[in-house]
Amino acid sequence: MAKTYDCLFKLLLIGDSGVGKTSILFRFSEDAFNISFISTIGIDFKIRTIDLDGKKVKLQIWDTAGQERFRTITTAYYRGSMGIMLVYDVTNEKSFENIKNWIRNIEENASADVEKMILGNKCDLDSQRQVSKERGEQLAIEYQIKFVETSAKDSLNVEYAFYTLARDIKAKMEKKQKEASNPSGGRSGVHKPTLNDARKPVTWLSRCSVL
Amino acid sequence: MNATIQEIEGIDDYWGPAFRSVYEGEGHEAFVQQLDDRIKQHDKEIEKLCNFHYQGFIDSIRELLQVRSHAEELHAEISNVDANVKETTEALCIRADELIRARRVELNIAATIEKMELCLPLLTTYSKLKSQVEAKRYYPALKTLEQLEHVLLPRVGPYKWCAQISSDIPRLRQAIRDASMADLRDFLENIRRLSPQVGAMALKQTQDMMGRSLANIISKKDKSQGLTASDGPQCPHELVDFSPLHRCLHIHTVLGAKNDFIQYYRSQRRQQARLVLIPSSGNLHDSIQGIRNYLHAVLGFFILEEHLLTAGAGLVSKDWLLDTWGMSVTKVASTLRTNTSLVTDPNLMLKIKDQIMLFINTLKCYGLPTDPLPLLLQEMAEHYTEVLMQRWVGVFRDILDNGSFLPIEVQNQEEYDSVMDKFPYDGEELETQPFPRKFPFSSLVTSVYVQVKEFIYAWLMYSAGLGLGGERRAGAARHSASLLLSRSFAGCLSALFRRPLPLVQLVQIIVDTQYLEDATVCLYEFISNITGSELVTTQAAGSMFQAARDDAEQQICDKLEKKVDEFLDLENYDWLLVEPIGQASSFVTDMLSYLSGVLTSLEQLPERARVAAVRAATNRIATRLRALLLDPAVKQISSGALYQLDLDVIQCEQFAAGEPVPGLREGELLEHFASLRQLLDLITGWDWSSYLHDVGIDGGKYTLVTPKDAATLLEKLKEAEQKSSVFSVLKKNERDRRKLLDTVLKQLKQLQNQDS
Ligand SMILES: Nc1nc2c(ncn2[C@@H]2O[C@H](COP(=O)(O)OP(=O)(O)O)[C@@H](O)[C@H]2O)c(=O)[nH]1
Ligand SMILES: [Mg+2]
């Protein structure tokens with residue numbers, strides 16, 4: 001059966017409630033924006049296939065709810081993620097400050113080699129801005145993470161953000177691939193993690209079978 | 001002989017007999033003798049006579065000659081006198097002639113004056129007539145004319161100018177008639193203009209009368225104390241000056257055309273009525289003013305006619321009035337019906353209804369029958385309900401469009417109380433909880449509940465004053481309210497469900513509709529409270545929103561199935577896998593944890609809905625996995641791949657067996673996997689003997705596996721094995737297995753053929 005894609009990347013959107021995660025995802029998957037607030041129930045995902053250097057890459061993007069009630073469910077999804085978007089709201093100081101907590105959260109729950117990116121959303125609301133672009137950049141430098149300001153409403157930098165994250169994941173994967181590549185050949189890329197591995201986060205690199 | 005002579009002398013003529021006797025006798029000589037003697041005697045006598053008178057004669061001649069000279073003297077004297085007289089009387093004669101002429105003139109003048117005096121009244125009357133006509137005082141003019149014609153003219157002689165006047169009279173009469181007709185037309189024109197004011201005044205009076213209460217009267221009195229009594233008209237008909245009409249009637253009466261006139265008047269008014277009945281401002285449904293003007297005009301028209309009826313004079317008869325009214329009221333009703341059916345503004349409807357009510361009440365005051373207007377009001381009530389519903393559809397749509405569909409959360413007592421004020425909720429349990437408290441329903445419930453009450457208020461506004469009993473009003477209100485919910489609101493919900501909604505909204509909506517349904521009883525209580533009627537405890541239609549809920553549930557199921565599909569689209573099986581990785585595929589584990597996550601978040605849902613959702617999802621998983629296995633596009637399946645899939649199925653079965661939601665029948669979800677499980681068991685267990693043995697027998701281990709499916713899968717297995725062993729030499733047991741495989745395949749094909 002011909003696969004409809006070459007590669008599957010699982011991405012995760014996190015950040016305080018209301019920063020625009022669902023909107024960003026909605027913009028990226030449906031190219032639309034809805035002004036009304038639609039609360040995310042527990043966890044949800046959308047799938048969009050993009051083209052990266054001639055490869056069909058399927059992005060399964062998980063959207064999490066900020067509510068405490070779903071925190072436990074949410075963290076379970078950290079493990080399988082290959083890329084995480086940390087979203088804050090430029091009109092909300094608190095959401096920016098919380099990015100540090102979210103990064104800690106990632107360190108505790110996600111696999112170590114997960115790709116990250118910080119998004120300062122709602123940059124269209126310049127008049128209400130509380131967090132300057134410079135502070136966002138500063139934070140990104142501090143953690144050595146890429147950063148971009150976005151607007152789900154005006155469709156600004158949303159595509160760019162996802163493509164960048166996907167491209168970084170692909171690059172990292174190819175690098176790992178090369179390092180681990182077995183000159184003796186055989187069928188490509190199928191690692192067989194032992195059962196003991198189960199407790200540790202399974203590295204996502206094992207998932208992409210055709211590269 | 002003597003005798004004969006005597007005879008002859010005695011007789012003048014007729015001498016015949018005497019001659020005869022002479023002739024016949026003898027003695028002619030004697031006779032002649034005698035005759036001669038006689039003659040001689042006579043001659044002597046004549047001579048004597050002449051001698052006697054001769055002197056006298058001579059004297060006379062002499063005297064005569066004397067007279068002659070006297071006469072001549074006299075003549076001269078007289079001539080003289082005559083000349084004298086002539087001389088002296090000449091001047092006199094001239095004077096006399098003059099006198100005679102003067103006398104004659106005098107007589108003529110007197111005669112003329114006399115005649116003139118006779119003519120004068122005629123002429124003054126005539127000029128009076130002219131000025132009366134000019135001043136349009138036609139009735140006196142006619143009287144004058146009458147006098148002229150019958151009294152004055154015959155009195156005056158047959159003068160030319162009299163003839164002229166005489167001939168002028170019919171023309172004048174016609175002119176007066178025409179002029180009075182023109183006046184009538186002016187009058188008609190005038191009342192057409194004034195009718196609306198008359199109607200307006202009458203309505204106003206009715207309104208004042210109806211709104212008359214003690215407080216009202218007192219406050220009015222206070223207000224009017226400073227003012228003198230108004231000197232404007234007291235009755236609406238006083239706005240119109242009827243005198244031209246009455247004058248016309250008089251004139252025509254005088255002209256002997258009273259009946260013609262009445263007929264003419266009625267036909268004119270009938271025509272006017274037709275005009276009045278066509279609304280002047282085209283669309284009456286635009287504003288209340290249009291309707292108002294229309295009703296004013298109609299009412300004014302008939303008030304004036306009614307006034308003429310009561311005023312007598314015969315211009316308007318009761319029959320005619322009722323007939324005209326009957327024709328008109330039907331038209332009024334149909335005009336109002338057409339126009340109100342286009343009204344979409346409930347406030348306007350209310351205003352129209354009030355206006356019609358007022359109209360009806362005023363009609364009653366004037367003794368005009370009101371049918372079919374009350375019926376119209378009822379029909380309008382239905383339309384009003386429709387209009388209201390339409391409006392509330394908009395309200396509901398707004399509520400739904402702007403709804404957050406999140407449970408209401410209150411931070412403090414004040415907020416809590418405001419929710420409790422709006423919606424009847426048994427908050428006993430919630431009362432004890434600390435803030436922030438969370439209601440189980442969203443603001444949709446409170447908003448809709450409040451709006452339904454608003455609707456009921458608005459709805460009852462129409463029936464106010466219609467004179468319906470409380471029970472009837474309440475009944476109809478209940479009916480409308482539940483119609484509003486079950487039709488309008490449910491319709492909005494259905495429309496809402498036509499587009500995909502986030503799960504959380506769907507869930508909340510299902511919960512919310514339940515609360516709304518339960519609250520209908522309270523709505524009924526509310527209705528009986530405000531209508532002051534007895535509480536009707538008929539069971540509220542419990543399944544008012546069931547259809548909407550079904551839609552929502554269906555959408556939840558569809559959504560979950562779609563998510564399952566998305567996961568299964570991520571499937572990335574290596575169908576030639578040599579050895580399974582010993583772990584379920586990540587898409588399966590992701591999917592199952594996703595599902596359990598979602599199912600937990602659905603815990604608010606009624607059990608029924610959750611069960612339906614989990615059933616739909618599981619069934620979808622089983623169907624898709626089985627389809628994957630039998631997909632004709634997958635040509636080969638290695639046993640390694642088969643084991644991997646089996647492992648994945650086991651994960652799913654564990655999920656299904658773990659009772660992900662309460663309310664499921666034991667093992668119910670597993671049944672969805674049964675046919676897949678049997679197929680997998682058959683192939684992985686290589687249990688062909690039992691399969692072939694049990695085929696067609698009820699209660700067998702593999703009853704759900706058709707020979708066709710079994711053959712398809714076996715074929716794929718065979719393909720994969722052949723591919724992997726192209727270069728290697730087969731071991732004995734492998735050869736046996738291959739043989740068996742071929743045999744089984746053959747038998748399966750046979751079974752298929754039998755079946756078909
Ligand atoms: N002006 C503006 N509003 C946004 C933007 N992104 C999201 N919002 C609004 O912010 C609110 C929260 O968005 P949402 O996506 O639900 O946030 P989440 O809780 O992080 O998923 C919604 O009312 C959005 O319409 C943006 O880029 N610009
Ligand atoms: Mg969200």
Return the subset of B:K563/B:K716; B:K708/B:K731; A:K170/B:K731; B:K723/B:K746; A:K122/B:K559; A:K100/A:K175 for which the Cα-Cα distance in this structure is over 32 Å, preserving the input order.
A:K170/B:K731
In a shell of Cβ-Cβ distance under 12 Å around B:L466, excluding B:L466 itself, what net charge do Lys and Arg (+1) and Asp and Glu (-1) give?
+2
Calculate the FRET efficiency for B:L692 and B:L430 from the Cβ-Cβ distance with a Förster distance of 56 Å, rounded to the nearest 0.05.
0.30
Nearest 10 degrees, 0 to 90: what angle lies between the long axis of helix B:707-724 and the longest principal axis of chain B (Cα atoms)?
50 degrees
Across region B:293-301, in residue order, what do the Karplus-derived ³J(HN,Hα) couplings come to in whole Hz, using 6.51 cos²θ - 1.76 cosθ + 1.60 with θ = phi - 60° and x for Gly and Pro?
4, 4, 5, 4, 4, 5, 4, x, 3
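Counting only Cα atoms, I'd like the Rg/Rh figure for the protein assembly as shown, Kirkwood definition for Rh.
Details: Rg = 68.1 Å, Rh = 42.4 Å.
My calculation puts Rg/Rh at 1.60.
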Are there GluC sites (Glu not before Pro) in region B:503-602 that DSSP marks as loop and that have at most 15 other Cβ atoms within 10 Å, and which are they?
B:E534
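How much length would be gained if the chain were fully extended between B:L375 and B:K136, taking 0.36 nm per residue of separation minus their Cα-Cα distance, in nm to one decimal? Walk me through the numbers before you get to the answer.
Details: separation 239, 0.36 × 239 = 86.04 nm, distance 4.94 nm.
Stretched out fully, the B:L375 to B:K136 stretch lengthens by 81.1 nm.
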Using label points projected 7 Å from each Cα along Cα→Cβ, tell me how many nm separate B:D354 and B:D631, to one decimal.
7.1 nm
Checking region B:1-58 for chymotrypsin sites (Phe, Trp or Tyr not before Pro) in a loop per DSSP with at most 12 other beta-carbon atoms within 10 Å yields B:Y14
Measuring from label point to label point, each 7 Å out along Cα→Cβ, what is the B:K731 to B:K40 span in nm?
25.2 nm
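At a 10 Å Cβ-Cβ cut-off, how would you order B:T743, A:T150, B:T125, B:T340, fewest neighbours first?
Working: B:T743 12, A:T150 28, B:T125 19, B:T340 23.
Starting with the residue having the fewest Cβ neighbours, the order is B:T743, B:T125, B:T340, A:T150.
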Taking a quarter of the surface of the convex hull around the Cα atoms of chain B, what do you get in nm²?
107.0 nm²
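Based on other C-beta atoms within 10 Å, arrange B:H383, B:H75, B:H252 from fewest to most. Walk me through the numbers before you get to the answer.
On the way: B:H383 17, B:H75 10, B:H252 22.
Ordered by Cβ neighbours within 10 Å, fewest first: B:H75, B:H383, B:H252.
State the extension gain, in nm to one decimal, for the chain segment bounded by B:T600 and B:A674, taking 0.36 nm per residue of separation less the distance between their alpha-carbons.
Details: separation 74, 0.36 × 74 = 26.64 nm, distance 2.54 nm.
Residue separation times 0.36 nm, minus the Cα-Cα distance, leaves 24.1 nm.
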Quick one: which residues, 5 or more positions from A:I118 or on another chain, have an amide H under 5 Å from its amide H? H modelled 1.01 Å from N in the peptide plane, none for Pro or chain starts.
A:L86, A:K146, A:F147, A:V148
Mind pulling the angle between the C-alpha long axis of helix B:503-518 and the longest principal axis of chain B? Nearest 10 degrees, somewhere in 0 to 90.
60 degrees
Counting only residues 5 or more apart in sequence or on a different chain, those whose built amide H sits under 5 Å from that of B:I408 are B:F439, B:F441, B:S442, B:S443
Can you figure out the FRET efficiency of B:I278 with B:D398, using R₀ = 35 Å and their beta-carbon distance, to the nearest 0.05?
0.30
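Take B:M544, A:M82 and order them by how many other Cβ atoms sit within 10 Å, fewest up front. Could the numbers behind the result be given before it?
Details: B:M544 19, A:M82 28.
Ordered by Cβ neighbours within 10 Å, fewest first: B:M544, A:M82.
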At 222 nm, what value in deg cm²/dmol follows for the protein assembly as shown if DSSP H runs of at least 4 each add -39500 (n - 2.57) and the sum is divided by all its residues, to the nearest 500?
-22500 deg cm²/dmol
B:I113 versus B:Q6, label points 7 Å from Cα toward the beta carbon: distance in nm?
8.9 nm
Using only the Cα atoms, what convex hull volume per residue in Å³ does region B:260-390 have?
83 Å³
Would you grab the residues whose amide H sits under 5 Å from the one on A:G15? Only those 5+ places off in sequence or on another chain, please, with H modelled 1.01 Å from N.
A:V87
List, in order, the whole-Hz ³J(HN,Hα) value for each residue of region B:365-380 obtained from phi through the Karplus relation with A = 6.51, B = -1.76, C = 1.60 and θ = phi - 60°; use x for Gly and Pro.
4, 9, x, 9, x, 9, 4, x, 5, x, 5, 4, 4, 5, 4, 5
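Over chain B, what is the relative contact order in whole percent, taking alpha-carbon pairs under 8 Å and six or more residues apart? If you can, show how the numbers build up before the last one.
On the way: 619 pairs, mean separation 51.1, N = 756.
Reported as a whole number, the value is 7 percent.
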Region B:634-756 - Debye-derived log10 I(q)/I(0), Cα point model, q = 0.18 Å⁻¹
-1.02
Extension gain (nm, one decimal) between B:V32 and B:R101, 0.36 nm per residue minus Cα-Cα:
16.6 nm
Pairs from A:K176/B:K635; A:K10/A:K178; B:K204/B:K364; A:K172/B:K562; B:K136/B:K160 whose Cα-Cα separation, in the structure shown, is over 24 Å
A:K176/B:K635; A:K172/B:K562; B:K136/B:K160
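Grab the other residues whose beta carbon is less than 10 angstrom from that of B:P436, score K and R as +1, D and E as -1, and report the net.
0
Under 15 Å from the Cβ of B:I291, count the other residues' Cβ atoms, weight Lys and Arg +1, Asp and Glu -1, and hand me the total. Display every interim value, and only then the final one.
Working: positive: B:R292, B:K331, B:R337, B:K351, B:K353; negative: B:D286, B:D345, B:D354.
Once all neighbours under 15 Å are counted, the net charge is +2.
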Taking the Cα atoms only, what angle lies between the long axis of helix B:732-755 and the longest principal axis of chain B, rounded to 10 degrees?
30 degrees
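Where a number appears in this text, it was derived from the coordinates with a stated rule and is not lab data. Source: prediction; values computed, not measured. Cβ sites come from the backbone with ideal geometry, for glycine too, and all protein chains shown count toward neighbours.
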